[in-house]
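Here's the structure we're looking at; comments come further down.
The values are calculated or read from the model by the stated rules, or taken from the named source; none is laboratory data. Computed from a predicted structure; not experimentally measured. Here Cβ is always computed from backbone atoms with ideal geometry, including for glycine, and neighbour counts include all displayed protein chains.
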Amino acid sequence: MINHHPKSELINAFVAGELPTALSVIVASHLELCRCCNDKAKKINQHQADDAFSDADLSLNHNDNSQENTALDNREFANHSLEDNKLTAHHLEVNNEFADMFAAIVADKTTSTPATLDPVEIKVKDNTYVLPKALSNIQRASWFKLGKLSRSNLDSSENEIHSHLIHIEAGGEIPQHTHNGYEVTLILSGDFYDELGEYSQGDFMWLDKQHKHQPKTKNGCLCLTVANDALHFTQGVGKILNPIGSLIY
Amino acid sequence: MQTATVNYPKTSHNDQMSTDNTGALIDFMRAIATQRCQHAFSQVFKHFAPKIKAISIKKYGSEALAMEIVQDTMTNVWRKAHLFNETKGAVSTWIYTIMRNVTFDILRKSKSSQEISISDDLWPLDEYATEEKDTFQDHLQNQEILKRVNELPNKQQQVIKGVYFHELSQEQLAQQLNIPLGTVKSRLRLALEKLKQNMGDQHD
Ligand SMILES: [Zn+2]
């Protein structure tokens with residue numbers, strides 16, 4: 001069972017298309033694993049649509065003549081065949097700043113059906129995983145390996161926001177660290193635990209800089225992570241690793 | 001060619017626009033999908049293009065960007081009309097979904113020299129443009145319940161929210177709140193009784 005979900009404000013911003021790419025991808029990936037957040041997102045989508053298009057300020061200047069106009073249009077239209085390219089934007093009553101745009105759009109007779117993508121499978125250290133659809137068109141760099149850790153850089157990174165796939169082999173751990181910014185983790189497969197609790201597939205964790213943690217895994221795991229800054233190791237051998245903190249997350 | 005059977009809006013007073021146009025919009029979408037009907041498309045276009053432009057200008061403050069969003073959105077409406085499923089949701093939700101998706105891709109491409117569109121992977125059209133029939137009712141009821149829950153004493157709120165909103169088991173909740181399982185159970189019972197009472201009140 002999934003116990004850790006994105007906050008409502010985050011889902012709201014995701015649906016509004018306001019999050020950076022890497023965060024949009026990680027929220028979308030959680031929604032693929034979590035039915036309840038998925039339902040929530042769709043409801044929010046519907047409410048945002050209603051709000052956006054019902055805004056009174058945006059209403060068109062409809063008047064009582066429009067019924068007449070439409071009837072006229074209709075009659076006029078009936079005299080044209082659909083293939084008749086002389087059917088101009090003017091006849092169609094789109095005779096304002098949008099006229100050229102309208103004409104260009106309808107000149108295109110083709111239809112578009114998105115290709116159904118096969119799920120993307122990846123292999124890390126002899127384990128095969130199926131990636132969320134949200135990652136289908138995100139490019140992955142080759143795996144960087146350090147002991148039981150493997151990391152692949154994702155091109156959904158933008159500026160100071162970095163996104164990775166992280167694989168930890170059974171019994172592995174990430175040295176204790178804090179974050180200068182935020183670190184978001186989604187478990188795509190397997191489980192891990194830290195000082196704060198246990199996490200399994202689908203769990204979505206948002207950690208800020210006040211959190212200090214040392215994730216370990218019994219059975220191994222594959223995670224998707226987004227961080228807006230390099231992590232900072234706070235103890236032991238991790239301290240020596242500090243310069244490569246940015247290599248792991 | 002059965003274009004004459006297309007139903008057009010009967011009235012279009014401002015305040016009734018959304019309800020009046022719902023049925024008509026679906027008919028227009030059907031005509032675009034099955035007959036590539038330019039007239040039907042012009043009606044959908046006239047209804048949405050100015051709104052999309054206004055929404056985008058309000059949000060991004062750029063007319064050029066707004067026109068690009070209108071163009072990409074309406075191009076998708078024209079070329080993907082056959083994918084619209086009227087049994088699944090409203091035309092406006094479908095078009096909102098397209099608008100959000102094309103906007104995301106346009107902004108991403110301008111920011112990071114990315115060429116590939118990924119928005120349809122994040123917000124699949126066939127999923128997002130759908131609604132459950134009873135969604136609105138659910139929504140109202142949820143609002144009402146949430147309001148009532150927020151009126152409960154803090155400790156009762158905690159257990160109700162933990163169990164029903166965060167889907168924690170009573171054991172997990174006891175652990176998290178660091179209280180005995182028995183206390184969780186009794187708080188939950190009290191809270192539910194109170195909720196039932198309060199929800200009942202409004203029907204008296
Ligand atoms: Zn969730």
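Numbers for the structure displayed
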{"read-out": "Helices (runs of 4 or more DSSP H) (entirely within the stretch B:147-204) containing at least 3 residues that are polar (S, T, N, Q) and modelled with pLDDT under 85", "value": "B:154-160, B:170-177"}
{"read-out": "Test: A:Asn180 is over 22 Å from the mean Cα position of the chain (by Cα), modelled with pLDDT under 90 and not hydroxyl-bearing (Ser, Thr, Tyr)", "value": "yes"}
{"read-out": "Residue that is aliphatic (A, V, I, L, M), at the interface with another protein chain (Cβ under 9 Å from one of its Cβ atoms) and assigned to a helix (DSSP H, G or I), where the choices are B:Ala49, B:Ala24", "value": "B:Ala49"}
{"read-out": "Filter result for A:Val15 (more than 10 Å from the ligand (Cβ to nearest atom) and surrounded by 19 or more Cβ atoms within 10 Å (Cβ to Cβ))", "value": "yes"}
{"read-out": "Selection count, the stretch A:37-54, where residues are more than 7 Å from chain B (Cβ to nearest Cβ) and in contact with a His (Cβ under 7 Å, 6 or more places away or on another chain)", "value": "1"}
{"read-out": "Selected residue (criterion: surrounded by the most Cβ atoms within 10 Å (Cβ to Cβ)) from residues of the stretch A:103-125 that are without any contact (Cβ under 8 Å) to a residue 60 or more places away in the chain and assigned to a strand (DSSP E or B)", "value": "A:Ile122"}
{"read-out": "Qualifying residue in the stretch B:54-73 (condition: more than 18 Å from A:Phe98 (Cβ to Cβ), more than 8 Å from chain A (Cβ to nearest Cβ), within 19 Å of the chain's Cα centre (by Cα) and buried (at least 18 other Cβ atoms within 10 Å of the Cβ))", "value": "no"}
{"read-out": "Flag for A:His162 being modelled with pLDDT under 90 and either surrounded by 18 or more Cβ atoms within 10 Å (Cβ to Cβ) or more than 14 Å from chain B (Cβ to nearest Cβ) (or both)", "value": "yes"}
{"read-out": "Failed item in (1) in contact with a Leu (Cβ under 7 Å, 6 or more places away or on another chain); (2) closer than 30 Å to B:Lys109 by Cβ; (3) assigned to a strand (DSSP E or B), with A:Thr185 passing the rest", "value": "(1)"}
{"read-out": "Pair list, Cβ under 6 Å, 6 or more apart: the stretch A:15-36 residue at the interface with chain B (Cβ under 8 Å from one of its Cβ atoms), other residue near the ligand (Cβ under 10 Å from one of its atoms) and not in a loop (DSSP other than H, G, I, E, B)", "value": "A:Val15/A:Ala41"}
{"read-out": "Residues of the stretch B:65-88 satisfying the condition of being closer than 15 Å to B:Asn101 by Cβ and of a type outside the set (A, V, I, L, M, F, W, C)", "value": "B:Glu68, B:Gln71, B:Asp72, B:Thr73, B:Thr75, B:Asn76, B:Arg79, B:Lys80"}
{"read-out": "Complete set of residues in the stretch A:20-41 that are closer than 13 Å to B:Leu122 by Cβ and either more than 16 Å from the ligand (Cβ to nearest atom) or among the charged types (D, E, K, R) (or both)", "value": "A:Pro20, A:Thr21, A:Ala22, A:Glu32"}
